[in-house]
């Protein structure tokens, strides 16, 4: 798909041809869809979570469909940093678009060590700190609930990582605005939100929780109104760019996040049912610009809250 300059942007120093990003955990390492989709349809691809040591993840079943969404309890399964450096890093240039790596750990020291490693990986355009995953027993959301802990973690990472730093937030944090401000004040260059919401499904035949982990993260269109509200709230609290996500399946969905204050948006669950989702949304955004006589999508960022909206 030919890039449209009206959709180009620079997000925290990352030059992107589109505000659309493939969300972490839903696009593998970026190569999984390459037989069907041109990775350059995305403005950037956020790779699946990486940890210092390999993780086998949670016991199955790990996925459960729900009305207008799904629950996942994968548990950050990944082959670890050594595999990433030896097997994935050499191939990243094939993608042809910016690559962002999502990192997670069980301690502040783990995050710091990973960030220091990626400071020297030129193929990676940015690091996204996963401090909001609800499906792991150690780390994840336990780092994202307390603004003081968020400040400590982001400060520690900022000391060793010089590139663009994104912090991924969740409504599980409670006081989202306070957590967002803590991340910004500690050196985050952008914030992504929201991660999945904790939920569960009970198998009425077996009369027990369906997921092996008992609970999982709810994603998909079911959470979109909540996610749009979270972006709206965060835009009031911080000045760094926001990446909105949660249930985006159409250009209209993406526009809601942008109008609420997001500079970019990430698509996750929709990739599982429509591999061509990035191209379709990009074309939808272009049509919207055409129909409304707009020269660039940036004119829409925060327009719903700035008095630029129309009646």
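The values are calculated or read from the model by the stated rules, or taken from the named source; none is laboratory data. Since the model is a prediction, treat every value here as computed from it, not as a measurement. Every residue, glycine as well, gets a Cβ built from its backbone with ideal geometry; the counts of neighbours run over all protein chains shown.
Can you name the number of the only condition in (1) touching a helix residue (DSSP H, G or I) at 6+ places or on another chain (Cβ under 8 Å); (2) more than 24 Å from residue 70 (Cβ to Cβ) that residue 251 fails?
Condition (2) is where residue 251 drops out.
Tell me, which strands (runs of 3 or more DSSP E) lie completely within the range 59-129 with 2 or more residues that are over 24 Å from residue 162 (Cβ atoms)? Talk me through it step by step, then tell me what you get.
Working: elements: 63-66, 69-72, 99-103.
Fully inside the range 59-129 and qualifying: 63-66, 69-72.
Scan 73, 115 and give me the residue that is free of Cβ contacts under 8 Å to residues at least 60 places away in the same chain and surrounded by 21 or more Cβ atoms within 10 Å (Cβ to Cβ). Can you show your working first?
Values: 73 fails: free of Cβ contacts under 8 Å to residues at least 60 places away in the same chain.
Unique residue meeting the criteria: 115.
In the set 263, 182, which member is surrounded by 17 or more Cβ atoms within 10 Å (Cβ to Cβ) and over 18 Å from the mean Cα position of the chain (by Cα)? Spell out how you get there, then give the answer.
Numbers: 263 fails: over 18 Å from the mean Cα position of the chain (by Cα).
Among 263, 182, only 182 is surrounded by 17 or more Cβ atoms within 10 Å (Cβ to Cβ) and over 18 Å from the mean Cα position of the chain (by Cα).
Evaluate the range 201-209: report whether one residue or more is surrounded by fewer than 20 Cβ atoms within 10 Å (Cβ to Cβ), under 18 Å from the mean Cα position of the chain (by Cα) and in contact (Cβ under 8 Å) with a residue 40 or more places away in the chain. Break it down into steps so the answer makes sense when it comes.
Within the range 201-209, the subset surrounded by fewer than 20 Cβ atoms within 10 Å (Cβ to Cβ) is 201-209.
Narrowing the set further to residues that are under 18 Å from the mean Cα position of the chain (by Cα) leaves none.
No, the range 201-209 contains no residue that is surrounded by fewer than 20 Cβ atoms within 10 Å (Cβ to Cβ), under 18 Å from the mean Cα position of the chain (by Cα) and in contact (Cβ under 8 Å) with a residue 40 or more places away in the chain.
Conditions first: (1) more than 17 Å from residue 195 (Cβ to Cβ); (2) in contact with a helix residue (DSSP H, G or I) (Cβ under 7 Å, 6 or more places away or on another chain). Residue 82 passes all but one, so which condition is the exception?
For residue 82, the exception is condition (2).
What residue, of 248, 243, 258, is surrounded by 23 or more Cβ atoms within 10 Å (Cβ to Cβ) and without any contact (Cβ under 8 Å) to a residue 40 or more places away in the chain?
On the way: 243 fails: without any contact (Cβ under 8 Å) to a residue 40 or more places away in the chain; 258 fails: without any contact (Cβ under 8 Å) to a residue 40 or more places away in the chain.
Only one candidate passes the filter, namely 248.
Taking residue 160 as the residue in question, decide whether it is in a loop (DSSP other than H, G, I, E, B), modelled with pLDDT of 80 or more, farther than 21 Å from residue 239 by Cβ and touching a helix residue (DSSP H, G or I) at 6+ places or on another chain (Cβ under 7 Å).
On the way: in a loop (DSSP other than H, G, I, E, B): yes; modelled with pLDDT of 80 or more: yes; farther than 21 Å from residue 239 by Cβ: yes; touching a helix residue (DSSP H, G or I) at 6+ places or on another chain (Cβ under 7 Å): yes.
Yes: the conditions hold for residue 160.
Restricting attention to the range 23-32, which residues are surrounded by 19 or more Cβ atoms within 10 Å (Cβ to Cβ) and out of contact with any helix residue (DSSP H, G or I) (no Cβ under 7 Å at 6 or more places or on another chain)?
Residues satisfying the conditions are 23, 24, 25.
Could we say that residue 53 is in a strand (DSSP E or B) and surrounded by fewer than 18 Cβ atoms within 10 Å (Cβ to Cβ) here?
So residue 53 fails the test.
Please go through the range 277-311 and pick out each residue that is in a loop (DSSP other than H, G, I, E, B) and at pLDDT 95 or above. Give the derivation first.
Taking the range 277-311 as the starting set, the residues that turn out to be in a loop (DSSP other than H, G, I, E, B) are 293-296, 301-311.
Within the range 277-311, 293, 294, 295, 296, 301, 302, 303, 304 meet the criteria.
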